[in-house]
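Trainee: Submitted below is the structure of interest, expressed as structure tokens.
The values are calculated or read from the model by the stated rules, or taken from the named source; none is laboratory data. On a predicted model such as this, the values are computed, not experimentally measured, just so you know. Backbone-built Cβ (ideal geometry, glycine too); neighbour counts: all protein chains shown.
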Amino acid sequence: MSKKLFVGGLAWATESSSLQTVFGKYGEVTEAVVVTERDTDRSRGFGFVTFTEAQHADEAVAELNGSTLDGRQIVVNVANDRPKNQRGRDGFRSSSSKRW
């Protein structure tokens, strides 16, 4: 069963391909994404990595949490799924969920 990890504290220069390479050493990675700003395409400093096997994801968390990537200490833990009806920081739904 697949497992998704949250990776925080990323350097601005870290790219999705870097995550793929580093995390791929622990098992098959189906997706590695650095989250970017919509308007500027600049990294937001975090990303997600999905493994096909939960065991490989757990090994990556144990080995990589607190390690250094591109000169920054990263945080790696299991990603929490957000409920579909979760509202944004300002208390309103995002524009993608408006029904007009």
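Trainee: Output the qualifying pairs, or none if there are none: Cβ atoms under 9 angstrom, residues six or more apart or on different chains, first residue in region 20-33 and under 14 Å from SER2 (Cβ atoms), second residue exposed (fewer than 15 other Cβ atoms within 10 Å of the Cβ) and at pLDDT below 95.
Mentor: THR30/SER2
Trainee: Which residue is surrounded by the fewest Cβ atoms within 10 Å (Cβ to Cβ), if the candidates are limited to region 37-68 and must be aliphatic (A, V, I, L, M) and under 11 Å from PHE23 (Cα atoms)? I'd like the intermediate steps shown before the answer.
Mentor: Here is the first cut: in region 37-68, the ones aliphatic (A, V, I, L, M) are 49, 54, 57, 60-62, 64.
From what is left, the residues that are under 11 Å from PHE23 (Cα atoms) are 49, 57, 60-61, 64.
Values: VAL49: 27, ALA57: 25, ALA60: 23, VAL61: 18, LEU64: 20.
The residue in question is VAL61.
Trainee: Taking LYS84 and the conditions (1) under 21 Å from MET1 (Cα atoms); (2) at pLDDT below 95, which numbered condition does it fall short on, given that it satisfies the others?
Mentor: (1)
Trainee: A further question follows. Within region 65-81, track down each residue that is aliphatic (A, V, I, L, M) and either out of contact with any helix residue (DSSP H, G or I) (no Cβ under 9 Å at 6 or more places or on another chain) or at pLDDT below 95 (or both).
Mentor: Listed by number, the residues that qualify are VAL75, ALA79.
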